[in-house]
Each structure stands twice: as C-alpha cells, then as structure tokens.
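S.K.: Before we start, here is the structure in question, set down as structure tokens.
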Amino acid sequence: MGETHPFFLGWTSWHDRLHRRLLMQPQLLPQGCTLLLAVSGGQDSMALLALLQDLAPLHGWGLNLWHGDHGWHDNSSRIASELSSWCQQRHLSLQVDQAAPGEVPSEAKARQWRYERLAQRGRQTGADVVTGHTASDRAETMLLQLARGSDLAGLAALPSVRPLSPEGPRLRRPLLHLQRHDTLQICRDLALPTWEDPSNQSPEFARNRIRHEVLPVLEELHPGCSQRISDLAERVSQVRDSQTELSRMALELLQTAAGLDRRGLGALNSATRRLLLAQWLQQQGVPALPASQLDELSRRLESGAPGGAADLAGGWQLSWKGGELVLQQREAER
C-alpha cells in the first residue's frame, strides 16, 4: 500500500491545499487550539467554515461560530436568522450579536464594533478569532493605504496573525493564499449557501470602488497582481515586525532612570530617531502622534539642538534638557 492521505468523503483539492499549508505553517492555526470563526454568511466566511469544520478532526481544533448583525440594511436580521437555522441543522452553535440602532453608522464604526465584539467573545471562550480574509481583501487594503499616504504600519495590511487586543485573543487569517474567485468556487464545489450583504456593492464605500473598478483594470494589465500585492503586504508586515524587535533592543540601551538618553538618541540619524521615539512613546501609553509632529520632535532632538518641551496628546508632556529626555503627565492632567 502507498502513502496514507487524510482523505474522507467530500475531501477536495481545497481541503488539501489548506491542510498542507497549515502543516507547513502551523503558527497560522496551531493544533489543538479553540477557534472563534467570524461568519458573515458571505462566500469567504462560508468557505472558511466548511474547510475548518472538515479539517478540525485532523488538527484537533474546537470550533465556535459568531455572526455580527450591523443592522445596516432591511435584510440583515433575515440573514442572521437564516444563517442560524442553517447552522442549527448541521449541529453547529452560532452566537449572534446585534448592534443597537445607530451604533454603527459608518464602515469604520462597523469594523470597530465587529472586532470589539469578537475580542470580547474570544476572551469569554478562551478562543482565538479566525476570519475569512483573502488575498483579494489584503490587496484592496494595501491599495487604499497607499492612496491615503499610510506609513509602514498601514502598508503591512491584514497580517496573517496579530493580537486583536492587548488582553487577547489573537486574530488569525488562514485563507490569505486564496483569492475571492477561489472562495466562490469552494462554495460552488461544496454546495454551500451564501448570503450577500448589499453594502458590498455600494459605490459609497471606497473599498468597493477599489474592488470593482481599480483591481479589475490592474488584473487585466498584470494578471495575478492581487496575489502579488497581497504577498508584498505580508513581506512588509514581516519587515515591520523585525523593525519593532530591533527597535525594542535599541531602546533598552537608551533607557535611563528618568526616561531616555537624549544624547544617544540625538546622535542617530533622523529616520531612526523618529522610529525609536514613536515606539517608546507608544510603549509609555501616549496616543499615536501625527507624522508631522514626530518629524518635528525628531528634528528638535538632534545632537546639538537646545533643550525644550512639547505637549503631546493624552495630557502628556515631553521635555529635554542636558542628557535626559523625560515624559510626564502635565500638571493640569494629574
């Protein structure tokens, strides 16, 4: 007899691709962990659900399902109800959270609400959150961030694994090797129902215009570009992670009892000084500063510059004199 494969009734090439990918990159979905799947009812999340449900016995996962009803359109409650019934028929437990009227008036607010609920549910169940984002989603996000003038953090779009909140859980995206047309084909091959959110077609949202107008032109000019853009975003994410680790090591060398070694920081080139200053302020709990303010602070902290001070967001004040760079709360904020 030849090599034994984990075939079962209904095993497809899609199962095989994901199974092999997870064996090669076990950090994407570690064996034996509990997972909370975000299921919207769209083709990406339905493909995710079907594949992970079939692969769960091989990888020892515990699966929980979650659906968020934003209430954006008249059919949202119907989608939630039909999806719940479909899951119940297959002995799958689906938890549904419904946003209060007016709670999510925009795309950004809806995303924030969704991830806050997922983080809460994940902590309650001790599960990491899993979404069905694909290479197509990541390509769209990177193009949007480029157009908006994002920094490196923004270009590291949709990393495959990241903390969802400081307290946990982690957010995992195992389908970034697939594109949207792949998940559509998976749903067809596995005879899965899908529920389309009509807002995904609305030109009011910038992402939809990228999806329906920009990427098709790029794909026509350079076939396969969505996957290449997505792969670039993953490499940028890895570069940023490496940069963060190296910055943390450098900051340990600059640390003083009062704050940071001003002379050591000032001797660095402007870009490195800006990077270390931004990371140090973030570590201290200072809200993110505008790029222009970071540039100005980096210039004022260069070697030979006079002492000074700057008020920062969140009631913080940064001051420097002699060899020390000190961060403290302003008197009125204490």
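Since every read-out is calculated from the coordinates, none of them should be taken as a lab result. The structure displayed is predicted, hence computed values, not measured ones. Counting neighbours? That spans all protein chains shown, and the Cβs are built from the backbone with ideal geometry, glycine included.
S.K.: If you fit an axis through the alpha-carbon atoms of helix 107-125 and take the longest principal axis of the Cα set of the chain, what angle between them do you get, 0 to 90°, nearest 10?
M.R.: Long axis of 107-125 versus the principal axis of the chain: about 80 degrees.
S.K.: I've got another one for you. The chain: longest stretch without exposed chymotrypsin sites (Phe, Trp or Tyr not before Pro) (DSSP loop, at most 13 other Cβ within 10 Å), sites themselves excluded?
M.R.: Values: sites that count: F7, F8.
The longest such stretch corresponds to 9-334.
S.K.: Here's something else I'd like to know. Work out, step by step, the length gained on full extension between L23 and Q329: first 0.36 nm times the residue separation, then minus their alpha carbon distance; give nm to one decimal. It would help to have the intermediate numbers written out before the result.
M.R.: Working: separation 306, 0.36 × 306 = 110.16 nm, distance 4.89 nm.
Stretched fully, the L23-Q329 segment lengthens by 105.3 nm.
S.K.: Something else now. Out of the GluC sites (Glu not before Pro) in segment 81-156, which ones are loop residues according to DSSP with at most 15 other C-beta atoms within 10 Å?
M.R.: On the way: sites: E82, E103, E107, E116, E140; in loops: E103.
Sparse-neighbourhood loop GluC sites (Glu not before Pro): E103.
S.K.: I'm a student and want to see the number: the projected area of the Cα convex hull of segment 255-333, averaged over all directions, in nm². Intermediate results must be reported in sequence, preceding the final value.
M.R.: Details: hull surface 19.0 nm².
Result: a mean projected hull area of 4.8 nm².
S.K.: Using Cα pairs closer than 8 Å and at least 6 residues apart in sequence, work out the relative contact order for the chain, in percent.
M.R.: Values: 432 pairs, mean separation 49.2, N = 334.
About 15 percent, as a whole number.
S.K.: Please get the size of the charge dipole for the chain, origin at its Cα centre, with Cβ charges of +1 on Lys and Arg and -1 on Asp and Glu, quoted in debye to the nearest 20.
M.R.: Using only the charged Cβ atoms, the result is roughly 640 debye.
S.K.: Can you tell me what share of the DSSP beta bridges in the chain is antiparallel? A percent to the nearest 5 is fine. Display every interim value, and only then the final one.
M.R.: Numbers: 18 of 33 bridges.
Restricted to the chain, the bridges split so that about 55 percent are antiparallel.
S.K.: Each residue of segment 192-197 in order: what ³J(HN,Hα) in whole Hz does its phi give by Karplus 6.51 cos²θ - 1.76 cosθ + 1.60, θ = phi - 60°, with x for Gly and Pro?
M.R.: Here the 3J(HN,Hα) series is 8, x, 9, 10, 8, 7 Hz.
S.K.: For A56 and W11 in one chain, what is 0.36 nm times their gap in residues minus the Cα-Cα distance, to one decimal in nm? Could you put the intermediate results ahead of the total?
M.R.: Numbers: separation 45, 0.36 × 45 = 16.20 nm, distance 1.29 nm.
The span from A56 to W11 would gain 14.9 nm if fully extended.
S.K.: Could you check the spin-label model distance between E116 and L190? Points 7 Å from the Cα along Cα→Cβ, value in nm.
M.R.: It works out to 3.2 nm between the two label points.
S.K.: In whole Hz, with x marking every Gly and Pro, tabulate ³J(HN,Hα) for segment 57-66 from phi via Karplus 6.51 cos²θ - 1.76 cosθ + 1.60, θ = phi - 60°.
M.R.: Each residue of segment 57-66 in turn: x, 6, 10, x, 7, x, 10, 10, 10, 9 Hz.
S.K.: Cα axis of helix 135-148 to longest principal axis of the chain: angle in degrees, 0 to 90, nearest 10?
M.R.: Relative to the chain, helix 135-148 is tipped by roughly 30 degrees.
S.K.: Taking every pair of alpha-carbon atoms in the chain, what share in percent sits in each 10 Å bin, from 0 to the bin with the longest distance?
M.R.: 5, 21, 27, 22, 15, 8, 2, 0
S.K.: For helix 225-254, report the angle its Cα long axis makes with the longest principal axis of the Cα atoms of the chain; keep it between 0 and 90° and round to the nearest 10°.
M.R.: Taking Cα atoms only, the helix is inclined about 40 degrees.
S.K.: For Q243 paired with Q282, estimate the spin-label separation in nm (one decimal), with each label point 7 Å from Cα along the Cα-to-Cβ line.
M.R.: Inter-label distance under the simple model: 0.9 nm.
S.K.: At Q88 and E204, where each label point lies 7 Å from the Cα along Cα→Cβ, what is the point-to-point distance in nanometres?
M.R.: 3.2
S.K.: Using the 10 angstrom Cβ neighbour count as an exposure proxy, how do V239, V217 rank, fewest first?
M.R.: If I rank by nearby Cβ atoms, fewest first, I get V217, V239.
S.K.: Starting with the fewest neighbours, write out I210, I186 ranked by other beta-carbon atoms found within 10 Å of each beta-carbon. Mind showing how you got there, number by number?
M.R.: On the way: I210 19, I186 24.
Going from least to most buried by this count: I210, I186.
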